1. May I ask you to verify whether residue 244 is in contact with a strand residue (DSSP E or B) (Cβ under 8 Å, 6 or more places away or on another chain), in the same structural domain as residue 144 (by TED's automatic domain parsing) and farther than 30 Å from residue 139 by Cα?
2. Check 347, 354, 381, 359 and return the single one that is over 27 Å from residue 279 (Cα atoms) and in contact with a strand residue (DSSP E or B) (Cβ under 6 Å, 6 or more places away or on another chain).
3. Tell me which residues, restricted to region 304-327, are surrounded by 16 or more Cβ atoms within 10 Å (Cβ to Cβ) and at pLDDT 85 or above.
4. Taking the residues in region 56-78 that are crowded, with 16+ Cβ neighbours inside 10 Å and assigned to a loop (DSSP other than H, G, I, E, B) as candidates, determine which candidate is nearest to the chain's Cα centre (by Cα).
5. Within region 175-197, take every residue that is touching a helix residue (DSSP H, G or I) at 6+ places or on another chain (Cβ under 6 Å) and more than 21 Å from residue 390 (Cα to Cα) and give me the one that is surrounded by the fewest Cβ atoms within 10 Å (Cβ to Cβ).
6. Just a yes or no: is a residue in region 160-174 within 30 Å of residue 70 (Cβ to Cβ) and surrounded by fewer than 24 Cβ atoms within 10 Å (Cβ to Cβ)?
């Protein structure tokens, strides 16, 4: 990888590569026992915690946080917020509180209760499902409302061209083809009526034959604009699946809210392997790349890079690809994110989880560490995995940060993840809607004096 860091995070990148989690050490879903949340239902005060609010702001030491009715009520320096006499006091010396993680880009379609439980138990309190048949929209929403499951925010079928991606995948129910502006607006209206949380558009001209990329039909630019306008009228963000440079132009002109999978904006009908063999697997092969980044940053279009998923797809599609070639592709993909972030672009965490063998539901650790390797600071990675992911899932200002009035979906971890992401593996407690759903809250010592309490 290119070791030059644009923002002084060389140590973070080195740490990321040295501490990259081994997949074999991850727990399988079957090892997570399902249990009901702890029964305590009164106010809870986390006292003396290191507070990371998910906005990217620096961690605040010695903070008290009061939770009641499933929501955060007060936050302030220890001893300052006024804790009710009936509150359960939880001493948090040495612990950090941060928002529950959100994996904004997944495809959960099977074993839904087990999978959502697995995500929640590992600190992912919400996920975004970025493409499924219409019959699963309500089922996923209902499953995510269970106290022992991660919340689910759903796109339903992706709007695409007739015969376009993802019609070629599965039974085709995850696609909603449209062929006119009226059909595009009607499709958005139908999905909004079904209660989706965001709209997914696919602009995929790549047929995923990595040896000889072909051509798939894609939406015309005016149809993408029709989708985006109608979705925004419904208050729904628009997320566009893009790989190729020509499609990025259309997405940005349409006013989409996020770009999914954009790692290297491939020229039309060209794949990574062709560029690598031709010695053109570098950003300089596309002189307009900096301009595209500037346009994304100016429009505040978030990037959901799904770095790990892209590499897995290449490896599966080209099992005989030499390791050196794969490493060269990985270096390029990370460099794209590095330049986007260095230009001021905002990232949202998404792993493109599909339930492949050996990749259980839970924290997308390799994706988190790849973002760190791309030059994001630990605080920026946390922001991408909380506030940023909430925004692309249609929950901006309503989830993904810790502030009075918001749901108490949060984690308690040993150490300080704002300086070392490895602390996320020292997960002590997971709360969803203020209820403990994994781990146990520390007990208050008998001699402890709580913060100033109200009668």
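1. Spelling it out, residue 244 is indeed in contact with a strand residue (DSSP E or B) (Cβ under 8 Å, 6 or more places away or on another chain), in the same structural domain as residue 144 (by TED's automatic domain parsing) and farther than 30 Å from residue 139 by Cα.
2. 347
3. 304, 305, 306, 307, 308, 309
4. 56
5. Ranking the qualifying residues of region 175-197, first place goes to 181.
6. no
Table: residues versus (1) part of a loop (DSSP other than H, G, I, E, B); (2) under 22 Å from residue 290 (Cβ atoms); (3) not assigned by TED's automatic domain parsing to the domain that holds residue 327.
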{"site": "345", "(1), (2), (3)": "yes, yes, no"}
{"site": "350", "(1), (2), (3)": "yes, no, no"}
{"site": "356", "(1), (2), (3)": "yes, no, no"}
{"site": "359", "(1), (2), (3)": "yes, no, no"}
{"site": "362", "(1), (2), (3)": "yes, no, no"}
{"site": "369", "(1), (2), (3)": "no, no, no"}
{"site": "376", "(1), (2), (3)": "yes, yes, no"}
{"site": "385", "(1), (2), (3)": "no, no, no"}
{"site": "388", "(1), (2), (3)": "no, no, no"}
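Results for (1) on the phi > 0 side of the Ramachandran plot; (2) modelled with pLDDT of 90 or more; (3) surrounded by 22 or more Cβ atoms within 10 Å (Cβ to Cβ), shown as yes or no for each residue.
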residue	(1), (2), (3)
247	no, no, yes
251	no, yes, yes
259	no, yes, yes
262	no, no, yes
269	yes, no, no
274	no, no, no
281	no, no, no
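The values are calculated or read from the model by the stated rules, or taken from the named source; none is laboratory data. The model shown is predicted, which means the values in this text are computed figures rather than measured ones. Ideal geometry is used to build each Cβ from the backbone, glycine not excepted, and the neighbour counts take in all protein chains shown.
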